[in-house]
1. For the chain, find the longest principal axis of its Cα atoms and tell me its angle to the long axis of helix 64-87, 0 to 90°, nearest 10.
2. Relative contact order, percent, of the chain when contacts are C-alpha pairs under 8 Å separated by at least 6 residues?
3. Against the longest alpha carbon principal axis of the chain, how many degrees, from 0 to 90 and to the nearest 10, is the axis of helix 45-58 turned?
4. For a protection proxy built on the mean count of beta-carbon atoms within 10 angstrom, sort 42-55, 25-38, 71-84 highest first, please.
5. Please work out how much accessible surface Y8 shows to a 1.4 Å probe, ignoring ligands, DNA and RNA, in Å² rounded to 10.
6. Using a 1.4 Å probe on the protein heavy atoms only, what accessible surface does T57 show? Give it in Å² to the nearest 10.
7. Before rounding to the nearest 500, sum -39500 (n - 2.57) across all DSSP H runs of length at least 4 in the chain and divide by the residue total; then give [θ] at 222 nm in deg cm²/dmol.
8. Across the range 13-26, in residue order, what do the Karplus-derived ³J(HN,Hα) couplings come to in whole Hz, using 6.51 cos²θ - 1.76 cosθ + 1.60 with θ = phi - 60° and x for Gly and Pro?
Amino acid sequence: LYSYTFAYPDDLNGWDLLTEAMAKQGKRDEELAARAERLALCGDLFQAIEVLSNASTQAKLGSLNQARYDTRIDQLRALNQRFRQYASF
């Protein structure tokens, strides 16, 4: 599923399946990260940031996953800031 979501990042079903798979494996941080990507894809950037922040706190301190989550949070914040100007119309 990782390969699939990488190849087709706009497929909501792929993110749903990845979320479900990670939940069944007990990988809570990865479950939350997949859920956050789905939220971001649907345009709910604020909620995606919140969920991804939670994933970051659940990842092992200093791990590659935590660094990846924190970098993605920065990207989503920048997107949220950029699109905020359009929401005021």
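1. Helix 64-87 sits roughly 20 degrees off the main axis of the chain.
2. On the way: 90 pairs, mean separation 17.7, N = 89.
So the answer I get is 20 percent.
3. For helix 45-58, the angle is close to 30 degrees.
4. 25-38, 42-55, 71-84
5. Accessible area of Y8: about 130 Å².
6. The accessible area of T57 comes to roughly 110 Å².
7. -26500 deg cm²/dmol
8. With coefficients 6.51, -1.76 and 1.60, one gets 5, x, 5, 4, 5, 5, 4, 5, 5, 5, 5, 5, 8, x Hz.
The values are calculated or read from the model by the stated rules, or taken from the named source; none is laboratory data. Fair warning: this is a prediction, and the values are worked out from it, not measured in the lab. All Cβ positions, glycine included, derive from the backbone under ideal geometry; neighbour counts span all protein chains shown. The protein model used for the area step is the full one, side chains on, heavy atoms only, and it has no ligands, DNA or RNA in it. Shrake-Rupley method; radii C 1.70, N 1.55, O 1.52, S 1.80 Å.
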